[in-house]
Structure formats: C-alpha cells, structure tokens
Amino acid sequence: AKPKVAGATSPASTSKQSGSGLKWQWPLKGKVVQGFRRGDRTRQGIRISGRAGQQVNAAGSGTVVYSGSGLKGYGNLIIVKHDNNYLSAYGFNRRLLASEGQRVKRGQGVAEVGKTANGDYLLHFEIRKNGIAEDPLQYLPGTH
C-alpha cells in the first residue's frame, strides 16, 4: 500500500527513477503534506505525515554517511549515500536506528518518526543529486 499524495500531480513518467540507475521506494506510509519547491531553502524535500514511532525505511540501498542531530533544522537526521551521485535524507526523527558507516538495504528501517517543532509527527525526506535537491516525487514510484 502506498501513501496518498495530497495536492501533488503525478510525475509525467518515472524517467528520473529509471534514469538514476537506482530503485527507489517510499520511505514512509503516509500523506504528503508539503511538496518540494525548487529554489526555496525551506522546501528542499517533501514532508510525509506519520505516527509517533512509525518506522522510516531507506528509500534505496546505500551507506549511512550521517546519523545525528548536528544539522540545524532537521532534528535527528539520517543521510544515506546511494552512489557517487545520489543521497537521501530523513529528518525530524525521534530515534535513529542506523549509524554512520552502516550499509542499509532498500526498505530497511533507519529511524522512527518524530515530532516537528509545531507538534506534527512527520518525516522530512530529500533526494539530492550531486548535492542539489531534487523533487522526490519524480523518483518515487507512482502516486499514492
């Protein structure tokens, strides 16, 4: 079962997903409550609603290159490096389940959903290509 996308349009194709050479999956079952906006520093990813403690899964296989709370504005954060071009980031977690240097498989639990400063339980999710934020909806399979 895939989460519903609220107010988002379906990507014209999955060309970015297949073009990335990676197989992506949704990191969390939930509704997309905030979309991506290129050039807006506060919207460099999507936000997916969740429940307290709900498991956040790796969107693709890779190596955890960051696991901590030192990056301002992300809370407890996990960053997974998938290859030389792609990273995915998972923010606002209450608990981190993966540590730096750990190899994770697509679908493996890496964190638990936490609470934002305004009290919402959600996941902030980003995909970056060569350090540049990309719209995750263009990589994730289908609308849901």
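Per residue, how much accessible area does the chain have with a 1.4 Å probe, in Å²?
Result: 51 Å² per residue.
Restricting to the chain, compute how many DSSP beta bridges are antiparallel as a %, nearest 5.
The antiparallel fraction comes to roughly 95 percent.
Computing the accessible area with a 1.4 Å probe over protein heavy atoms, can you report the carbon and sulfur percentage for the chain?
45
Could you tell me which of the pairs 72/129; 23/105; 29/129; 31/72 are separated by over 19 angstrom between their Cα atoms in the structure shown?
Too far apart for the 19 Å limit: 72/129; 29/129; 31/72.
Pull up all non-local amide H partners of residue 122: gap of 5 or more, or a different chain, and H-to-H distance under 5 Å with H placed in the peptide plane.
Here 50, 114, 116 satisfy the definition.
Would you mind checking which residues have amide H under 5 Å from residue 76's amide H? H placed 1.01 Å from N; only 5 or more apart, or other chain.
Those lying under 5 Å, H to H, from residue 76 are 92, 93.
If N is the number of residues in the range 20-103, what value comes out of its Cα radius of gyration divided by 2.2 N^0.38 Å?
1.07
Quick one: what are the phi-derived ³J(HN,Hα) couplings along the range 67-74, Karplus 6.51/-1.76/1.60 with θ = phi - 60°, whole Hz, x for glycine and proline?
8, x, 10, x, 9, 4, x, 10
If amide H atoms are built 1.01 Å from N in the plane of the peptide, which residues on other chains or at least 5 residues away come under 5 Å of the amide H of residue 111?
56, 97
Tell me, what HN-Hα J-couplings in whole Hz come from the Karplus equation 6.51 cos²θ - 1.76 cosθ + 1.60 at θ = phi - 60° for each residue of the range 79-86, using x for Gly and Pro?
Values, residue by residue: 10, 10, 8, 8, 6, 5, 10, 10 Hz.
The values are calculated or read from the model by the stated rules, or taken from the named source; none is laboratory data. Given the structure is predicted, the values throughout are model-derived calculations rather than measurements. SASA here: full protein model, heavy atoms, side chains in, ligands and nucleic acids out. Shrake-Rupley method; radii C 1.70, N 1.55, O 1.52, S 1.80 Å.
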